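Below is one structure; the comments refer to it alone.
The values are calculated or read from the model by the stated rules, or taken from the named source; none is laboratory data. No experiment lies behind these values; they were computed from the predicted model shown. A quick note on method: Cβ atoms are made from the backbone with ideal geometry, for glycine too, and the neighbour counts reach across all protein chains shown. With ligands, DNA and RNA removed, areas are computed over all heavy atoms of the protein, side chains included. Shrake-Rupley method; radii C 1.70, N 1.55, O 1.52, S 1.80 Å.
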Amino acid sequence: MLRRKKMNQETSAKSTNIYALPILAEDLQLSHNYGELPFNSHEGNLKYAVDFLVPELSQVVAALGGTVVYVKQDSDVGGPDGKYWNDGNRIVIRHANREYSAYEHLKCGGSLVVVGQTVECGQLIGYSGNTGYSVGPHLDFEVFVRPVLDESEGETVKPGFVDYSFEVGKVITSKEVGNEKANSG
Ligand SMILES: [Zn+2]
């Protein structure tokens, strides 16, 4: 079983495919009190990962149609410590143009799909959580190329989104999608 590891390679590519948001914009929170630590874990191959600030059990949807190639949903642990690096629940979907999308930190048992399943853009695939290397509930979304053997990870590229363009490394809150509503719940 391949373990996640930080690989020190810089890529400067943008995605060929254009992706929809992997969460519902209305679930985005305005702010958080998690502190800084988790959001500077995006380095090396994870440089272009995008963090969406949504509460636990928020709907996670396929950002583009494709085939599910990897599912991990057995973890119930997480926290602001690198020791949880491999404990994040995760779904990976393979798309056209040899690109993949990944959905990380999902809830324990939070996957609604299985490996080999074909999904459509916008299809509900699971529920967000706070598992793995994470200080607070959010969804880590990645578009990657050049996958490792089990297709669970690879070199991230800057995702192109339908209707939105996000700054690299910025946490996506309700503000970034033009909706300054107060935090729900
Ligand atoms: Zn992240």
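Kindly flag which residue pairs out of K47/K175; K72/K175; K83/K107; K83/K175 have an alpha-carbon separation exceeding 27 Å in this structure.
K72/K175; K83/K175
Using a 1.4 angstrom probe and counting only protein chains, how large is the accessible area of E155 in Å², to 10?
30 Å²
Could you please report the charge total around T16, scoring K, R as +1 and D, E as -1 over all other residues with beta-carbon less than 12 angstrom from its beta-carbon?
Net charge in that neighbourhood comes out at +2.
Distance from the Cα centre of region 103-156 to that of region 61-99, in angstrom?
3 Å
Restricting attention to region 63-125, which GluC sites (Glu not before Pro) occupy a DSSP loop and are surrounded by at most 12 other Cβ atoms within 10 Å?
E120
Efficiency by 1/(1 + (r/R0)^6): what FRET value for L30 and K83, r their Cβ-Cβ distance, R0 = 35 Å, to the nearest 0.05?
Calculated transfer efficiency: 0.70.
In nm, to one decimal, how far is the N97 label point from the T16 one, both placed 7 Å along Cα→Cβ?
0.7 nm
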